[in-house]
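Input: a single structure, listed below in structure tokens.
Values in this text are rule-based calculations from the coordinates and carry no lab data. Because the structure is a prediction, the values reported are computed rather than measured. Backbone-built Cβ (ideal geometry, glycine too); neighbour counts: all protein chains shown.
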Amino acid sequence: MMSELSVRPLSAAEVRGIDRTAIEEYGMTGLVLMENAGRGAAERIHRRLAEATLPEEANSPAALKSADSPILILCGKGNNAGDGYVLARHLQLLGHSVEILQFADPRQLSGDAAANWSIATHAEIPARIVGPDSWDRLRHDLATAACVVDALLGTGGSGPLREPYATIVGMVNQLSVLKIAIDIPSGLDCDTGVALGNCFAADLTLTFVAEKIGFQLPSSKPWIGEVVVVPIGVPAKLLAGVIAA
Ligand SMILES: NC(=O)C1=CN([C@@H]2O[C@H](COP(=O)(O)OP(=O)(O)OC[C@H]3O[C@@H](n4cnc5c(N)ncnc54)[C@H](O)[C@@H]3O)[C@@H](O)[C@H]2O)[C@@H](O)CC1
Ligand SMILES: [K+]
């Protein structure tokens, strides 16, 4: 029987190197990889929310939300946020109500993330820029969401979470809402598996290309939840050196 290629756990530098080679040597654009990442994540979130409405899970937090509760996608200013904008577009296509909560000034976005923000804006996908003046409303919205998706930081994160991310993540962690991290729970060092301060406590982490080496370590377990690897179309030849034994 055929089985999917399984890649060994990778460091942040390794996975970033693979992305870079796919773009610079193989001619895949970053936009294509980001589209595959966001779409793959959307399909898995769609599946997870559908499972949560099966009879045996009828009392799960996700199932108890009203049918029109939106999926809230927390976005920062890097390419992890770019995945979040693509995700929002595909979740809408799958029939979900979504809202992008933007915690960085969109004028700070660049490259593929800026392109996908522009697409989301043209597509009139619900989005709002959230500052400390609207945190009471934010707390209420997070508590009543169908699920909260963390697209604040990915492999470009370093050091303890800075504000406002640290406060937002602390706020989300206090809620019983379903929490899904995109690529890496924000605040976790994905090489050492250590959270240096506040860290998004995911129920599910949808990670791209391969598991990250820090996910293997016990210190990461409170933060990563279930981990699902989402392929983003990187060619098998490029993965040949990192295939799991
Ligand atoms: N083309 C690519 O390289 C692809 C990237 N992808 C996504 O892009 C991510 C990596 O994107 P980036 O390299 O832009 O990095 P991030 O999206 O992790 O964000 C980096 C930004 O966050 C800020 N930052 C770093 N540490 C911080 C901290 N502790 N507190 C607050 N802000 C902090 C930095 O100043 C920088 O502006 C991956 O994890 C993945 O989700 C995927 O879309 C696949 C393709
Ligand atoms: K993230």
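Key figures
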item	result
Rel. contact order, % - alpha carbon contacts under 8 angstrom, at least six apart, the chain	23 percent
Estimated inter-spin distance, residue 176 and residue 217, nm [label 7 Å along Cα→Cβ]	3.3 nm
Given charges at beta-carbon only (K, R positive; D, E negative), |dipole| of the chain in Debye	100 debye
Global geometry of the chain, whether rounded, prolate or oblate, following the gyration tensor of its Cα atoms and the 1.5 cut on a/c	rounded
Estimated dipole of segment 91-223 in Debye, rounded to 20 [Cβ of Lys and Arg +1, of Asp and Glu -1, Cα centre]	140 debye
Counting DSSP beta bridges with both ends in segment 172-233, the antiparallel % (nearest 5)	20 percent
Under-5 Å amide H pairs with residue 188, H placed in peptide plane, nonlocal only	200
Rg and Dmax of segment 67-163, Cα atoms only, in Å	12.9, 38
Per DSSP, loop trypsin sites (Lys or Arg not before Pro) in segment 1-53 with at most 11 further Cβ within 10 Å	none
Fraction of antiparallel bridges per DSSP, the chain only, in percent to nearest 5	10 percent
Dipole of the chain, positive end: most advanced residue of 82, 197, 94 [Cβ charges, Cα centre]	197
Radius ratio Rg over Rh of segment 157-245, counting only Cα atoms, Kirkwood formula for Rh	1.02
Other-chain or far-sequence residues with amide H under 5 Å of residue 208's (modelled H)	183, 230
